[in-house]
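Nothing in this text is a laboratory measurement; each read-out follows from the coordinates by a stated rule. If you're wondering where the values come from, they're calculated on a predicted model, not measured in any experiment. Virtual Cβ from ideal backbone geometry, glycine too; neighbours counted across all protein chains shown.
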Amino acid sequence: MTNTSHTMIYRVLGSDEWAEALSSGHYDGAPHDIADGFIHFSTIDTLAETLALHYPKRGGLRLLHVPVAAVDDKLKWEPARGGTLFPHLYDQLSVEHVARVDDLKLDDNEVHILPEDLRAG
């Protein structure tokens, strides 16, 4: 199943996980990814919800921007959460495929602040 409406997908991970990926040249995923057999990604439309559900009030996070074209041959768009299609990478993520990395800060209410160019409205 493909989804051609998105050109970029996003992965949230801890700064320690990103440092390890940089050291090894690839990211294998968090324990839940490894158990599921794929690396979970978000789209711009699901990113804020992913942060709120899976990383509430957690500091020290990085946001990886990955072009769909770089991983399309190993990417599957599969339904989750009420039928919403999520991108799942059935492979390691090479650090070479990461186009941009942002630090995710928390606001005064401990809600993650998305980079300005990713904010809705």
- Item | Residue with peak Gaussian network fluctuation, the chain [Cα springs, cutoff 10 Å], from ASP91, ASP33, ASP107 | ASP107
- Query: Given (i) 0.96; (ii) 1.01; (iii) 1.16 as candidate values of Cα Rg over 2.2 N^0.38 Å, which corresponds to the one derived from the coordinates?
  - Reply: (ii)
- Which ordering of ARG119, ARG100 is given by a fewest-first count of other beta-carbon atoms within 10 Å? ARG119, ARG100
- Message: Relative contact order for the chain: what percent, with Cα pairs under 8 Å and sequence separation of 6 or more?
- Response: 33 percent
- Query: Do the sum for the chain: with -39,500 (n - 2.57) for every DSSP H run of n ≥ 4, divided by all residues, what is the mean residue ellipticity at 222 nm, to the nearest 500 deg cm²/dmol?
  - Reply: -6000 deg cm²/dmol
